């Protein structure tokens, strides 16, 4: 069941932005896990060594780490003033 939001969702709402960023991060982690586990599985089945697979996995994991640091430590979700208000 999808989460229900008590008011009209807008990116100007700090709580909504925080939730949206965390859900986007969760999707990013899911795509990473599914793609990489599939690639490693097929590499194991074929008994081959794909040189690029380690670099891909570590690079993507690094991007996920940077994404996580931004979402959980750096992002400021305080209410921003709009120029027209």
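Read the figures in this text as sums done on the coordinates, not as results from a lab. For clarity, every value in this text was computed on a predicted model and none was experimentally measured. FYI the Cβ positions are ideal-geometry reconstructions off the backbone, even for glycines, and counts take in every protein chain you see.
Contour minus end-to-end for residue 11 and residue 60, with contour as 0.36 nm per residue of separation and end-to-end as the Cα-Cα distance? Mind showing how you got there, number by number?
On the way: separation 49, 0.36 × 49 = 17.64 nm, distance 2.69 nm.
Here the segment from residue 11 to residue 60 would lengthen by 14.9 nm.
I need the calculated FRET efficiency for the pair residue 40 and residue 78, taking r as the beta carbon distance and R₀ as 41 Å, to the nearest 0.05.
Working: r = 41 Å, r/R0 = 1.00.
The calculated FRET efficiency here is 0.50.
Measure off 7 Å from each Cα along the Cα-to-Cβ vector at residue 53 and residue 25, then give the distance between these two points in nanometres to one decimal.
Computed distance between label sites residue 53 and residue 25 equals 2.9 nm.
Could you tell me which label, among (1) 54, 38, 26; (2) 76, 36, 22; (3) 61, 30, 20, carries the value of Cα extents along the principal axes in Å calculated for this structure?
Step by step, Cα extents along the principal axes in Å for this structure corresponds to label (3).
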